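Structure record follows, encoded as structure tokens.
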Protein chains: 2
Amino acid sequence: MASILPASNKSMTSDRNTYVGKRFVHVKNPYLDSMDEDILYHLDLGTKTHNLPAMFGDVKFVCVGGSPNRMKAFALFMRKELGLEESGEHIKDICAGTDRYCMYKIGPVLSISHGMGIPSISIMLHELIKLLHHAQCCDITIIRIGTSGGIGITPGSVVITDTAVDSFFKPRFEQVILDNIVTRSTELDKELAEELFNCSKGIPNFPTLIGHTMCTYDFYEGQGRLDGALCSFSREKKVDYLKRAYKAGVRNIEMESTVFAAMCRLCGLKAAVVCVTLLDRLECDQINLPHDVLVDYQQRPQLLISNFIKRRLGLHDQTS
Amino acid sequence: MASILPASNKSMTSDRNTYVGKRFVHVKNPYLDSMDEDILYHLDLGTKTHNLPAMFGDVKFVCVGGSPNRMKAFALFMRKELGLEESGEHIKDICAGTDRYCMYKIGPVLSISHGMGIPSISIMLHELIKLLHHAQCCDITIIRIGTSGGIGITPGSVVITDTAVDSFFKPRFEQVILDNIVTRSTELDKELAEELFNCSKGIPNFPTLIGHTMCTYDFYEGQGRLDGALCSFSREKKVDYLKRAYKAGVRNIEMESTVFAAMCRLCGLKAAVVCVTLLDRLECDQINLPHDVLVDYQQRPQLLISNFIKRRLGLHDQTS
């Protein structure tokens, strides 16, 4: 397979989109550019200590996910898929000076972990978006690849999110700013979701669908689990809630998509959420898959995104 | 210094408290005991795969903090302080099978990381509380040791929380259960806070105070920072908000204390929050301390908790 390393100023093409001009990252903070130095504390990077344009200027695809091990595995996988294994391109954690997040760069692809939950991904996104801004990146596509609980679909299915909704099935993210609550839209890029869905059709035995993703602040009580340390509702109430979610279009539940959709939208990043489901919540609460099945399921979003990136880069030979 | 390993059924004594009878952990879930197996998924532990009473039955002190590296450092420090360095007591990550959290056990002390933000610590607490229940632990004291932003106090000060408050300065945690919002109290154990404060007096050059801690869902917009990727308010609005917080009794800001206080209270765990402040938010937003100062500050809660645990265990010789 041919090795690729697109130059930062080459315009990206895909089957569906041709960008006219560059799409830069919008930082919406009037104070930022007047700062003498910007320390991206939780990434252990900064504008005075690091040459961010040189380090990141050619990034086109940003992939984020909760688990640091999984994001390292994705980086290793992408290195292989992009034919960069023998090009001296090493996999090292760019954020090794902190244990809050990890980050790997493979050619035009950045792979970053974000921990679990809205606050954790939100800290990372603020600093990542500033990083992309300082590095003068353009035409970025950002994709969250994660795990989730499914509702009424076979475990192992991959859900591409059209809209992220909150616990009340509303397409909104409520951001507390000082002591005000501001409501933000959580719509994702429809064309990107379609493009990813089309990609999935090329992979054999790869159950994929587009649907709403519900994002909660809690894994147990907030997702109607009967197996937490606290549980004050009945099995019937749980099933009723999940069925109402299904009726509202929700096909899976995770814990980061609303803030991810809201922030990316505000900052002009084309964004998608692609999560595999590890169980059907109408059937059970506990994740008790055999280890090898779990590993296989967790690789599915990675495989899809790798195929998508290769298509976008014009590397159409399916290696997987 | 004498080595100690209190037996699990020995009652704990302190300068102030003598417990009459055992205080068990209350799991408030009628479904739990009828489960054939309980898989603590994010800890990679389970009731069928692990002998939890044998592994954890003698635990008396649980210390939690955001950063995995810091919680490992605390474990190493406690091993030294409890004189267990040469007893063959090894430091190994009990949750090594997962990268979501890390966990170390040093005699009666458990040290666990919880990541950043309410959702992340909440997942850990559900599974930790079930672990302590399955292991039949009793008379547990749980302390969160963390970092925070101060308001109107010198950086490096240690704040012992009396009450955790939300972004509106209210002593409450709003838990979404299915699609209802339930409000829970965030009061912490007053006697434990006093006991910790008394401990701090024995440590030279150790600025410590008791105050309210504000817990937010966001590090940037939610804490009034002017240096995020998004900022829609003025410097004046920021300062006004932080001054109102100070007036309401808030002395520091972090991202986990309300749910920690609420869950521990509901489950009968005596709980405290002890955070060092890394900056004064009335002065600045960015954390730009020299590395050695940062390391020194981060060790302060560890030092206080180590002294507290040694006192509780009757090891009054101050080794630090």
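The values are calculated or read from the model by the stated rules, or taken from the named source; none is laboratory data. Note that the structure is predicted; figures quoted are calculated from it, not measured. Glycine also receives a Cβ, built like all others from the backbone with ideal geometry; neighbour counts cover every protein chain displayed. What goes into the accessible areas is simple: the full protein's heavy atoms, side chains included, and nothing from ligands, DNA or RNA. Shrake-Rupley method; radii C 1.70, N 1.55, O 1.52, S 1.80 Å.
Some notes on this structure:
Condition check ((1) surrounded by 21 or more Cβ atoms within 10 Å (Cβ to Cβ); (2) at negative phi; (3) assigned to a loop (DSSP other than H, G, I, E, B)) across all residues:
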| position | (1), (2), (3) |
| --- | --- |
| A:Ala245 | yes, yes, no |
| A:Met263 | yes, yes, no |
| A:Cys284 | no, yes, yes |
| A:Ile287 | no, yes, yes |
| A:Asp296 | no, yes, no |
| A:Arg311 | no, yes, no |
| A:Leu315 | no, yes, yes |
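- Qualifying position, being open to solvent by less than 10 Å² (accessible area, probe 1.4 Å) and touching a Cys at 6+ places or on another chain (Cβ under 9 Å), among B:Tyr220, B:Tyr241: B:Tyr220
- Pairs linking a residue in the range A:142-159 that is at positive phi to a residue that is assigned to a loop (DSSP other than H, G, I, E, B), with Cβ atoms under 7 Å and 6 or more positions apart or on different chains, are A:Gly152/A:Leu282; A:Gly156/A:Pro207.
- Among the residues of the range A:176-203, those that are assigned to a loop (DSSP other than H, G, I, E, B) and within 14 Å of chain B (Cβ to nearest Cβ) comprise A:Leu178, A:Asp179.
For every residue, the table says whether it meets (1) under 16 Å from the mean Cα position of the chain (by Cα); (2) aliphatic (A, V, I, L, M).
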residue: B:Tyr104; (1), (2): yes, no
residue: B:Val109; (1), (2): yes, yes
residue: B:Ile112; (1), (2): yes, yes
residue: B:Met116; (1), (2): yes, yes
residue: B:Pro119; (1), (2): yes, no
residue: B:His133; (1), (2): no, no
residue: B:Cys138; (1), (2): no, no
residue: B:Gly156; (1), (2): no, no
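- Residue check, B:Leu269 within 14 Å of chain A (Cβ to nearest Cβ), over 15 Å from B:Ser67 (Cβ atoms) and buried (at least 16 other Cβ atoms within 10 Å of the Cβ): yes
- Total residues in the range A:190-205, condition of a type outside the set (Asp, Glu) and under 18 Å from A:Gly314 (Cα atoms): 9
- When residues of the range A:52-67 are limited to those that are within 13 Å of chain B (Cβ to nearest Cβ) and crowded, with 23+ Cβ neighbours inside 10 Å, the one nearest to the chain's Cα centre (by Cα): A:Gly65
- Residue count for the range B:112-170 satisfying the condition of being of a type in the set (A, V, I, L, M, F, W, C), open to solvent by 10 Å² or more (accessible area, probe 1.4 Å) and within 13 Å of chain A (Cβ to nearest Cβ): 3.
- Top-ranked residue of the range B:22-34 - restricted to ones that are more than 24 Å from B:Asp58 (Cα to Cα) and either aliphatic (A, V, I, L, M) or within 9 Å of another protein chain (Cβ to nearest Cβ) (or both), ranked as least open to solvent (accessible area, probe 1.4 Å): B:Tyr31
Every residue, every condition in (1) open to solvent by 30 Å² or more (accessible area, probe 1.4 Å); (2) among the small types (Gly, Ala, Ser); (3) at pLDDT 90 or above; (4) assigned to a loop (DSSP other than H, G, I, E, B), yes or no:
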position	(1), (2), (3), (4)
B:Met1	yes, no, no, yes
B:Glu37	yes, no, yes, yes
B:His50	yes, no, yes, yes
B:Asn69	yes, no, yes, no
B:Arg100	yes, no, yes, yes
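- Hey, A:Asp240 part of a helix (DSSP H, G or I), within 10 Å of another protein chain (Cβ to nearest Cβ), without any contact (Cβ under 8 Å) to a residue 40 or more places away in the chain and more than 21 Å from A:Phe74 (Cβ to Cβ) or not: yes
- Of all the listed residues (B:Phe173, B:Phe206), the sole one being open to solvent by less than 40 Å² (accessible area, probe 1.4 Å), within 14 Å of another protein chain (Cβ to nearest Cβ) and among the aromatic types (Phe, Trp, Tyr) is B:Phe173.
- Taken as a whole, the condition of being assigned to a helix (DSSP H, G or I) and hydrophobic (A, V, I, L, M, F, W, C) does not apply to A:Val274.
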